[in-house]
Structure formats: C-alpha cells, structure tokens
Amino acid sequence: MDTSDPAPRVNFELLQRYIGKKVRLVGKVMGLDGDLLTVKAADQGLVYVKVLPGAGHASEYVEIDGIVESPNTVQEQQHVEFGSNFDLNSYNELCKLAHFDYPALFL
Amino acid sequence: MYSGYDAGASQFAGGGFMPSPAPAGDTTGQSPKKFGSQSQTLRAVTVKQLLEGTNNTGDDQYKVDGVELQNITLVGKLVDVKQFETNLTYILDDGTGKVEIKFWLDNDEGDQVQQRLQQYRVGMYVRAHGHVRSFQNQKSVVAFNLRAITDYNEVTYHLLQCVFQHVHLTKGASSGRPPAAAAGPTTAAPAGQPAAASVPATNNNMAGGDGMSNVQRDACALFNSPDANASESGISLEQVIGSLNSKYPVTDIRAAVDFLVNEGHIYTTVDDVHFKSTAF
C-alpha cells in the first residue's frame with residue numbers, strides 16, 4: 001500500500017494548485033487538434049491536454065492522468081474513456097468536497 | 001431525502017446489504033464482541049483511509065473513523081496485474097493511493113484464471129469487495145469479488161459514499177454507539193419506544209418513529225379505542241371521516257384507512273367499509 005504518489009481529482013479551478021504535479025482530471029472532450037486535446041473540466045473551464053502519440057480519444061467524457069504544466073495545460077500520462085453518460089456536476093461537487101471539506105480522506 | 005439516508009446508512013451500520021431491523025440484542029447492551037448482522041458491515045473507503053486505518057489489537061482488525069472494518073469496497077483503476085501459482089495480484093489506484101488486491105485461486109479454478117486475466121486488465125476501472133489483511137506490516141486487500149465498472153458515475157458515487165460514511169460515523173451518530181444509533185432512528189425503533197434523538201424530527205410529518213403520518217396514526221388510534229373494539233363490526237369509514245375531517249382532508253383520511261388495511265393494522269368486517277383493529 002502506497003499513498004506517496006497520489007493523483008488528486010481536480011476541476012479547472014483546482015488545477016493551478018498542482019503545477020508540476022500529477023492530477024486526475026475528468027472532463028468532456030471538446031476537440032482534438034493534432035496532439036492537443038481540448039477538455040471541458042467539471043467546473044466548465046477549458047484545459048488543453050497534450051496527449052500521448054497514438055492514443056485514441058473516442059469517447060465523450062475522459063479521465064486524464066497527467067502532469068500539470070501550466071494553469072490550463074496537462075501532459076497526459078494515461079487516460080480512461082468514461083463513455084457518454086457521466087454527470088460532471090456531481091463530479092465537480094466531489095472535487096470540491098475532496099479538497100475543501102474532507103481532504104483527510106483524499107489528499 | 002429521508003429514505004436515501006436510510007439506505008446509505010444501512011449498508012455500513014445496519015444489517016449489511018438490506019435495511020433490516022437491528023437484532024434483538026441491540027437494546028440490551030453493547031458487548032464488545034458482537035456477532036450476527038451487526039458485525040457484517042460493508043464500508044466504502046479510499047486507499048488513503050485504509051492506509052491510515054489503525055490497528056491496536058495486533059491482529060487483522062483495523063479501524064477507520066473509530067469503527068472496525070469488516071467487509072470493505074474500493075473503486076479504482078487497475079495499474080498492475082500479476083499472475084502467481086496460488087493467486088492473482090492486482091494493484092488498484094483510486095487517486096488517493098495504491099493498494100495490492102489478492103485474489104486467491106482454488107485448485108479447481110484453473111480454467112478461470114485465464115478468463116479472469118483477460119477480463120480484468122491494466123487500465124480499467126473496477127469495484128472490489130474484500131477484507132483488509134496485513135503481511136509484514138504491509139496492508140493489502142484479499143478480495144472476494146471484483147467487478148468491472150461500466151457506468152463511470154459509480155466512481156463519483158463511491159467517493160461520495162466514502163465521504164458520507166465518514167461524516168456519518170464521525171459526526172452523524174450520537175455518542176458512544178455509532179453503528180446502533182445509525183440504525184435506530186431509521187429502521188429499528190421498536191414499538192412503544194421513542195425514536196432516538198440523534199436525528200431531529202424533520203419537516204415530514206413522521207415524528208413518531210413508527211413510520212406513520214399523523215393522519216394514519218390518528219386513524220389507527222380510533223380503531224384501537226375500546227369502543228371500536230367492543231362493537232362486533234368495528235367502526236365504519238364514515239365514522240372515521242366524521243371524527244377526523246376537522247383535522248384532515250377526506251381524501252387523506254381515506255388513503256390512511258387504505259394504508260392501515262394494506263399494512264395489516266386493521267381488517268374489514270361485515271362489509272368493505274367497516275374495519276376492526278388487528279391489535280386485539
């Protein structure tokens with residue numbers, strides 16, 4: 001068991017806290033231009049994800065594991081396709097609860 | 001709202017999987033070792049909660065939020081799968097940390113190993129059910145069930161459930177007896193005993209702890225009166241309406257009488273509109 005390398009679940013607002021660190025970002029795929037994926041985070045902010053070459057991004061919602069490079073860019077390390085049925089509003093509430101109210105459980 | 005609270009609490013404080021009444025021993029004392037449904041709880045936890053779980057007794061009994069863990073459930077992404085002679089070992093990452101999950105193999109499970117290996121691959125989200133074990137000071141989970149997640153709202157749900165159970169166990173229950181108090185006001189208020197005070201009577205009108213609304217309770221009281229019982233045919237619907245229509249709308253009174261019939265509190269006598277209480 002190991003909690004030394006966590007990937008906090010973030011929305012756009014929380015992203016800037018983790019520059020240079022690993023995060024887990026769930027959002028809606030808005031478009032892919034070359035290797036730059038535009039993702040709308042749970043609190044509606046737009047994040048640009050530098051995707052791995054050859055990694056397909058076919059689903060409507062996606063979870064990105066990656067390193068935050070700037071307040072709105074993330075370098076992808078892995079991703080999981082979350083399909084077309086995902087409630088971002090609930091997820092946004094979860095991000096806020098995890099960071100502001102109950103960090104002891106998550107961070 | 002109220003019923004949602006019910007179901008959530010019962011999964012980790014009540015009878016396990018079903019909102020069942022607390023066992024009879026509930027009111028007689030809180031012995032340190034409890035067996036039966038009270039001890040068969042299912043807790044939703046994060047890996048971080050597990051890692052920080054305390055163990056004072058030296059055996060495999062861990063506590064999170066001051067309550068012993070029995071069955072636990074985790075949701076996360078598989079980041080490693082290893083096949084051994086006797087078990088399959090997965091590493092699950094839920095964002096708060098990573099934990100080893102062992103799946104012991106029976107001899108006759110040989111055919112299923114390949115099937116499992118194909119079914120649960122690195123990169124996919126799963127829900128695991130199991131027990132916490134420690135080996136050489138390393139905690140791990142021995143799983144008895146693993147299931148692939150297909151609706152990813154379950155990820156949100158699980159983590160919110162972790163928060164809910166944490167809050168319920170640390171703040172929600174009355175002092176000293178968290179699991180029993182959790183079951184008390186929702187499922188197990190025995191007849192004649194006032195509901196536990198830890199949950200304030202809310203804006204619904206079910207203040208009595210017997211699951212009845214005020215109109216239902218008043219109607220029930222009428223049927224339970226000595227006069228109603230003395231009469232061979234009980235009392236009629238018209239009489240009930242006559243007694244209660246100053247307090248409640250007629251439609252509510254009719255619905256309450258239907259409710260009492262359906263719940264077995266009263267039964268019809270000489271015709272469909274005369275009833276007697278089953279309490280005598």
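The values are calculated or read from the model by the stated rules, or taken from the named source; none is laboratory data. All values reported here derive from a predicted model rather than from experimental measurement. Neighbour counts run over all protein chains shown; Cβ positions are idealised from the backbone, glycine included. Just so you know, the surface numbers come from the protein's heavy atoms only, side chains and all, with ligands and any DNA or RNA stripped out. Shrake-Rupley method; radii C 1.70, N 1.55, O 1.52, S 1.80 Å.
Relative to the current alpha-carbon distance between residue B:52 and residue B:153, full extension at 0.36 nm per residue lengthens the span by 33.7 nm.
The residue A:38 and residue B:221 beta-carbon pair, evaluated with R₀ = 45 Å, returns a calculated FRET efficiency of approximately 0.10.
In square angstrom and rounded to 100, what buried accessible area do you get between chains A and B, total over both, with the probe at 1.4 Å?
Details: alone 6060 and 15860 Å², together 19270 Å².
Summing both sides, the interface buries roughly 2700 Å².
Here the calculated FRET efficiency for residue B:229 and residue B:117, from their Cβ-Cβ distance with R0 = 56 Å, stands at 0.25, rounded to the nearest 0.05. Across the range B:214-277, the mean sequence separation of Cα contacts (distance under 8 Å, 6 or more residues apart), normalised by length, yields a relative contact order of 44 percent.
By accessible area of protein heavy atoms, probe 1.4 Å, what ranking do B:99, B:142 get, highest first?
Working: B:99 0, B:142 40 Å².
Of B:99, B:142, the descending order of accessible area is B:142, B:99.
Rounded to a whole number of µm²/s, how large is the Stokes-Einstein D of the range A:9-106 at 4 °C and 1.567 mPa s, given Rh as the Kirkwood radius over C-alpha pairs? Approximately 98 µm²/s, per Stokes-Einstein. Here the range A:9-106 is assigned +1 on the Cβ of each Lys and Arg and -1 on the Cβ of each Asp and Glu. Its dipole about the Cα centre then comes out at about 260 debye.
Residues of the range A:1-21 buried by at least 40 Å² of accessible area upon assembly of all protein chains, compared with the chain on its own (1.4 Å probe): A:1, A:2, A:3, A:9.
Pairs from the table (A:22/B:139; B:48/B:171; B:102/B:171; B:48/B:102; A:40/B:77) lying more than 29 angstrom apart at Cα are B:102/B:171.
Listed values for the range B:61-78 are Karplus-derived 3J(HN,Hα) couplings in whole Hz (6.51 cos²θ - 1.76 cosθ + 1.60, θ = phi - 60°), namely 9, 9, 10, 10, 6, x, 10, 4, 8, 10, 8, 10, 10, 10, 10, x, 9, 6, and x replaces Gly and Pro.
You can think of it this way: the chain between residue A:85 and residue A:5 has 25.9 nm of extra reach, that is 0.36 nm per residue less the Cα-Cα gap. Here r is the Cβ-Cβ distance between residue A:19 and residue B:171 and R0 is 41 Å; the resulting FRET efficiency, rounded to 0.05, is 0.75.
Find the relative contact order for the range A:1-59 and round it to a whole percent, using C-alpha pairs within less than 8 Å whose residues are 6+ positions apart.
On the way: 79 pairs, mean separation 15.7, N = 59.
Relative contact order here is 27 percent.
Accessible surface computed residue by residue for the range A:9-106, with neighbouring protein chains in place and a 1.4 Å probe, gives 44 Å² per residue. Surface composition of chain A: carbon plus sulfur atoms contribute 48% of the solvent-accessible area (1.4 Å probe, protein chains only, all chains present).
Here the Karplus relation 6.51 cos²θ - 1.76 cosθ + 1.60, evaluated at θ = phi - 60°, turns the backbone of the range B:246-255 into coupling constants of 6, 9, 10, x, 4, 4, 5, 5, 4, 5 Hz, with x for every Gly and Pro. Summarising the label geometry, the points placed 7 Å from Cα in the beta-carbon direction at residue B:245 and residue B:142 lie 6.8 nm from one another. Around the amide H of residue A:3, modelled in the peptide plane, lie the amide H atoms of B:98, all under 5 Å away and 5 or more residues distant in sequence or on another chain.
Can you send over the carbon and sulfur percentage of the accessible area for the range B:214-277, probe radius 1.4 Å, protein chains only? Please report the intermediate quantities before stating the final value.
Working: 1700 of 3500 Å².
For the range B:214-277, the apolar C and S fraction of the accessible surface comes to 48 percent.
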